[in-house]
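Written out below as structure tokens is the structure these notes cover.
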Amino acid sequence: MDIEEFRRLMSDKTYVSKDSELMKMFHALSQEALKITAELNGSYHTPEEIRKLFSKLTGREVDETFGMFPPFYTDCGKNIKIGKNVFINACCRFQDQGGIEIGKGVLIGHNTTIATLNHDFNPNLRQNITPASVKIGNNVWIGSDSTILPNVTIGDGAIVGAGSVVTKDVPPNTIVAGNPARVIRAIDV
């Protein structure tokens, strides 16, 4: 199975616990991600070195406008897609098997978690995993210590207040905050 096949299967909401080929691929990608993030997080790197390591992690070339302050953690890496002029602050965690798509001009605050997997609610099927993507539009600002849950789209120009837990879609040009996050107000554009 190649990486594009893995990406397609994970985006199709496939339960993966009993799919040995998919699980073997995931475990291999996880080991690669652990190795790359250990290198990224283990010592100082120039911005150019960070971009090179992040490109290797995602399997996609990131733009020269990309910036990051490590440490950064992910359990796969290959289902992350990043636009231009994106900044990811320190201590962020991306669980990306279900797919994380980040638009251009996005700012992601310290200690943000983006999750794209859920386990089955039935205790007898708890080992099953259901992927669901997260899409972050252009010019979004995600405040520190926020959590974005699976199957969420954050609209262009939105702001997610610090410490928020985003459980449902965020309309464009709005500010959301809280747990669960709720619309606080619209942003005048």
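Computed values, structure above
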{"item": "Prolate/oblate/rounded label for the chain (Cα gyration tensor, a/c 1.5)", "result": "oblate"}
{"item": "Potential extension, T113-N173 segment - 0.36 nm per residue separation minus Cα distance", "result": "19.5 nm"}
{"item": "Rounded to the nearest 20 debye, dipole of the chain from Cβ charges on Lys, Arg, Asp, Glu", "result": "300 debye"}
{"item": "Out-of-range pairs (alpha-carbon distance over 18 Å; input K24/K52; K24/K56; K35/K104; K35/K56; K56/K135; K56/K81)", "result": "K24/K52; K24/K56; K35/K104; K56/K135"}
{"item": "Calculated FRET efficiency for the pair K52/E21, C-beta based, R₀ 25 Å, to 0.05", "result": "0.25"}
{"item": "Vicinal HN-Hα couplings computed from phi for region 132-137 (Karplus, 6.51 cos²θ - 1.76 cosθ + 1.60; Hz; Gly/Pro x)", "result": "8, 6, 10, 10, 10, x"}
{"item": "Relative contact order [Cα under 8 Å, 6+ residues apart], region 1-143, whole percent", "result": "22 percent"}
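Just so you know, all these numbers are worked out from the coordinates, no wet-lab data involved. A quick note: this is a predicted structure, and the numbers were derived from the prediction, not measured. Here the Cβ is made from the backbone with ideal geometry for all residues, glycine too, and neighbour counts use every protein chain on show.
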